[in-house]
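The structure appears right after this line, and notes come after that.
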Amino acid sequence: MPLLSGIVRHIRVVVSSTVGALIFIIPVALVLPAGPGAGLHQALPVRPPASARIAQSTELFTTTCVTAGSCVAGGNFGGAGRPLEPMVATQSHGRWSRGTPLLLPANAAAQPYAQVSGLACHSTGNCVAVGDYQYGRSGSLQAFIAIESRGRWARAFTPRLPTNAASPSSAQLEAVTCTSNGSCDAVGTYQDPAGNAQTMVVAKPPSGPWGQAIEIASPPNAAANPDALMTGIACTAPGSCVTVGNYSVSATQFAAMGAVEVRGAWHRATQIALPRGAIPGTFTAIGSISCPTASQCLGVGQYPVSATQSRAMAVTESRGRFGRAVPITAVPPDSSPVPSTYLLGVSCRPSGLCLAVGGGRNSAGHSVAMYMTRSAGRWRATFLGPPRGATSGRRQLSVLYSVSCTGRSHCGAVGYYHDRLGVTRAEATAAR
């Protein structure tokens, strides 16, 4: 049986609880103003791949920026009766290209249901993409890694899984990060011989090929099948990284977790204590993390406070230890009287200014794209204004999934909106 991404499943639950199932994700790009609280310009559409002769669904889950106005985003594209394939799109001098399909390994299924979930770049035109695809007749998921060199993407390949991986194998890669010397680390999940989902990390040294993945042990209170998944990773130096995600403590309850790498050795994951007032539920995770300094990192996520309401939260990791997560009570103007917020991505600068992205429930009860800025320890929340042609009413739906900041004031993020026909569309926005 193929693995099911715990964090993706839980994200879709919270979005669909107010506006219907989340099916398609499409890109958004923005530039963060120099000071917190400044507005974003109206969003503009981003075109699908040139090979799309009919209206395609296009999903982007990850982005990374190298310099101001130069970013890469990844996800997938497909359509009715067509394969769902992985793709990347490139922003150069502030303008996004059409999506470019990635070539999957030769054993990919005819309908691979593939996606790019994580991206990292050493420099412009030299990047790493990770994700998963279905292969063989069983439809099991397999992880992949794709390398871009001097602006050209090579065919993706499958990494070597941990020694205790099941056969036939099933695995996913969700996030990747690279340091300036060329070393990289990617995290995700794999299935062991008992059919349990365990977390894994696979690393590449500064020179040489990717090594064999190793398991990161789940916290001691994990269920027999932890259904564990790491979805965010950040490194401050080679051999010094932190990763976050979630795992199951029972059939109906998930918990947030984090793990640290010290001097090249990964420690067992630990449970991240939730804010007071949290209730047991499945939509609980720290999904993304960013390290503004070598000694401190900030992760963001969400936790349930009622059967229909989630709240954004943040956690600090310092010198190998995670503190208790704290609630983020900031809500955008025009929020629902019973607000519900969630954060899926975060990027911080050494100054301490952070940008986090996700979604929130507006006054009409719909889940729409939201971003938050953190400055001097205080959060401010704002809904992202929709582009012309966006739908309203019961079909209204948008979300931001990933964000990457570089330089003094530039950030890029990815997400989607629904048009007036209920079709998901790409969008790009900027602020100066």
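The values are calculated or read from the model by the stated rules, or taken from the named source; none is laboratory data. All figures in this text were calculated on a predicted structure; none of them were measured in a lab. Cβ: placed from backbone, ideal geometry, glycine included. Neighbour counts: every protein chain shown. Only protein heavy atoms, including side chains, enter the accessible area calculation; ligands, DNA and RNA are left aside. Shrake-Rupley method; radii C 1.70, N 1.55, O 1.52, S 1.80 Å.
In a residue-by-residue description of region 345-358, the property of being among the small types (Gly, Ala, Ser), farther than 30 Å from Ser180 by Cβ and either surrounded by fewer than 23 Cβ atoms within 10 Å (Cβ to Cβ) or in contact with a strand residue (DSSP E or B) (Cβ under 8 Å, 6 or more places away or on another chain) (or both) applies to no position.
When the residues of region 369-386 are filtered to those that are open to solvent by 10 Å² or more (accessible area, probe 1.4 Å) and touching a Phe, Trp or Tyr at 6+ places or on another chain (Cβ under 7 Å), the one that is modelled with the highest pLDDT is Thr382. The single residue among Ser392, Ser363 that is modelled with pLDDT of 85 or more and more than 22 Å from the chain's Cα centre (by Cα) turns out to be Ser363. Number of residues in region 117-133 that are surrounded by fewer than 22 Cβ atoms within 10 Å (Cβ to Cβ) and more than 16 Å from Val66 (Cα to Cα): the value is 0. For region 389-401, the criterion of being open to solvent by 20 Å² or more (accessible area, probe 1.4 Å) and in contact with a Ser or Thr (Cβ under 7 Å, 6 or more places away or on another chain) is met by none of the residues. Looking only at region 163-211, count every residue that is surrounded by fewer than 15 Cβ atoms within 10 Å (Cβ to Cβ), at pLDDT below 95 and hydrophobic (A, V, I, L, M, F, W, C) and tell me the total. Residues flagged as surrounded by fewer than 15 Cβ atoms within 10 Å (Cβ to Cβ), at pLDDT below 95 and hydrophobic (A, V, I, L, M, F, W, C) within region 163-211 amount to 0.
Please go through region 270-288 and give me each residue that is β-branched (Val, Ile, Thr), surrounded by fewer than 24 Cβ atoms within 10 Å (Cβ to Cβ) and in a strand (DSSP E or B), ordered by number.
First, pick out the residues of region 270-288 that are β-branched (Val, Ile, Thr): 270, 272, 279, 282, 284, 286.
Still in the running and surrounded by fewer than 24 Cβ atoms within 10 Å (Cβ to Cβ): 270, 279, 282.
Across region 270-288, the qualifying residue is only Thr270.
Residue-by-condition table, conditions (1) part of a strand (DSSP E or B); (2) at pLDDT 80 or above; (3) farther than 23 Å from Gly287 by Cβ:
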{"residue": "Gln42", "(1), (2), (3)": "no, no, yes"}
{"residue": "Arg47", "(1), (2), (3)": "no, no, yes"}
{"residue": "Ala50", "(1), (2), (3)": "no, no, yes"}
{"residue": "Arg53", "(1), (2), (3)": "no, no, yes"}
{"residue": "Phe61", "(1), (2), (3)": "yes, yes, no"}
{"residue": "Val72", "(1), (2), (3)": "yes, yes, no"}
{"residue": "Gly75", "(1), (2), (3)": "yes, yes, no"}
{"residue": "Pro83", "(1), (2), (3)": "yes, yes, yes"}
{"residue": "Thr90", "(1), (2), (3)": "yes, yes, yes"}
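Take the residues of region 134-153 that are open to solvent by 30 Å² or more (accessible area, probe 1.4 Å) and out of contact with any strand residue (DSSP E or B) (no Cβ under 9 Å at 6 or more places or on another chain): which is nearest to Cys405 (Cα to Cα)? Restricting to residues being open to solvent by 30 Å² or more (accessible area, probe 1.4 Å) and out of contact with any strand residue (DSSP E or B) (no Cβ under 9 Å at 6 or more places or on another chain), the top hit is Arg152.
Residue check: is Ala314 under 20 Å from Gly232 (Cα atoms) and open to solvent by 50 Å² or more (accessible area, probe 1.4 Å)? Spell out how you get there, then give the answer.
On the way: under 20 Å from Gly232 (Cα atoms): yes; open to solvent by 50 Å² or more (accessible area, probe 1.4 Å): no.
So Ala314 fails the test.
Among the conditions (1) under 23 Å from the mean Cα position of the chain (by Cα); (2) assigned to a loop (DSSP other than H, G, I, E, B), Gly258 misses just one, which is (2). Residues in region 87-106 that are open to solvent by less than 40 Å² (accessible area, probe 1.4 Å), over 18 Å from Thr124 (Cα atoms) and hydrophobic (A, V, I, L, M, F, W, C): Leu104 alone.
The residue that is nearest to Gln302 (Cα to Cα), among those in region 323-348 that are at pLDDT 95 or above and of a type in the set (Val, Ile, Thr), is Thr341.
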